[in-house]
Structure formats: C-alpha cells, structure tokens
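Take a look at the structure set out below.
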Amino acid sequence: DVEEAIEKAATDKDQNLVVETGRTLWVRKDKESGSFSLIFGEKLLFESGSADLVPNALTILEILGKFLQTSAYRARIDGHSDSTPVGSGRFSSNQELSNARAQTVLTYFTSRCGVNPRRLAMGGYGSTHPLVDENSPGGKAMNRRVEIVFDR
C-alpha cells in the first residue's frame, strides 16, 4: 500500500533500498469510489531517461490490458518524475519525459491489447505531483513513477 510505503520509507533501510532501485509496485485504493491505482516505480516499466518499455513490463501490461477489455473500469495513465532536471537525450524536460511515458503505456494498451481508446486517458505531470518530499534518494525515487488509476 502506498501510504504504508511512504511511512516506512523514512525509517526502513530495506524499504529505502527497494524504493531507490525503482523496482517497486504500490497499490492505492479508494474505498468510497471503488477506484484503485497501481503505482509503478520507474524501473518496472522504463530505463532511466527513457520512454521505451522494458521487456519485463510487457507481461504485466498485457494482463492489465485484458482486465480493461473485460471489466467496467476505465484507466487514466499518469506519468511523473522527480525534480532533477533532465540532463540530455531526446527529452528536453521532465514534463516531456513523463508525458511520453504515459503515452507509451496508453499506446501499448490500444495497439497491442486492443483496449478501446475511449476508455483511456493520460497525463504527464513532471515533478508537479510528488508523493513525498525529495530530501533523500528514496524520496526522489518514489516520485519517479507511472500511476494507472482505474475507475468506473
């Protein structure tokens, strides 16, 4: 659960190590609305500074694509980054990188999984919606993420 991870990140060295690797997956649930989010640490889907999916991401995205085809849920894909400026490469800003990552996931769902595009939305938020303060490498790592919000 993301709230537990945020609490533990400040005190648990093992949790910090996992978070800093970017290979984390959190779940956030809203019991009132029935919506839920899957929050992917940056390295679960992408290499640093890239918007190309890593091969290991394809299996989970296929499963989520099938879920979207057979359920009443819609999904919003949100890309996020930390506040460290993008150094070089094909993206000129964190905003552009986070948007490209969200677009990549959305495109995968529509082109590879056959999800109706009307059931999907996306946004790239750069560093404007952090989960936690960026006072530590673990805090920065938690903010580099892709969040898929499922709602009805």
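General remarks:
- Residues 125, 73 ordered from highest to lowest accessible area at a 1.4 Å probe: 125, 73.
- Charge dipole of the range 44-152 about the Cα centre (unit charges at C-beta), most positive-ward option of 45, 70, 89: 70
- Computed accessible area, residue 30, all protein chains, 1.4 angstrom probe, square angstrom: 70 Å²
- Sequence of 31, 140 from largest to smallest accessible area, 1.4 Å probe: 31, 140
- Chymotrypsin sites (Phe, Trp or Tyr not before Pro) restricted to DSSP loop in the range 85-118 with at most 13 other C-beta within 10 Å: none
- Taken along the Cα-to-beta-carbon direction at a fixed 7 Å, the label points for residue 25 and residue 129 span 2.1 nm.
- Accessible area per residue (1.4 Å probe, heavy atoms of protein chains only) ranks 107, 70 as 70, 107, with the largest value leading.
- Between the alpha-carbon centres of the range 27-73 and the range 89-106 there is a gap of 16 Å.
- Residue-by-residue Karplus 3J(HN,Hα) for the range 94-105, coefficients 6.51, -1.76, 1.60, Hz, glycine and proline x: 5, 4, 5, 5, 5, 5, 5, 5, 4, 4, 4, 5
- Of the trypsin sites (Lys or Arg not before Pro) found in the range 40-133, the ones in coil according to DSSP and having at most 14 other Cβ atoms within 10 Å of their Cβ are 90.
- Å² of accessible area per residue within the range 93-152, as computed with a 1.4 Å probe and no ligands counted: 46 Å²
- Computed lengthening from residue 67 to residue 118, 0.36 nm per intervening residue step minus Cα-Cα distance: 16.8 nm
- Cα-Cα pairs of the range 51-152 separated by more than 23 Å (percent): 30 percent
The values are calculated or read from the model by the stated rules, or taken from the named source; none is laboratory data. Bear in mind that the values here come from a model prediction, so they are computed numbers and not experimental data. Neighbour counts run over all protein chains shown; Cβ positions are idealised from the backbone, glycine included. Heads up: the accessible areas ignore ligands, DNA and RNA and are worked out on the full protein's heavy atoms, side chains in. Shrake-Rupley method; radii C 1.70, N 1.55, O 1.52, S 1.80 Å.
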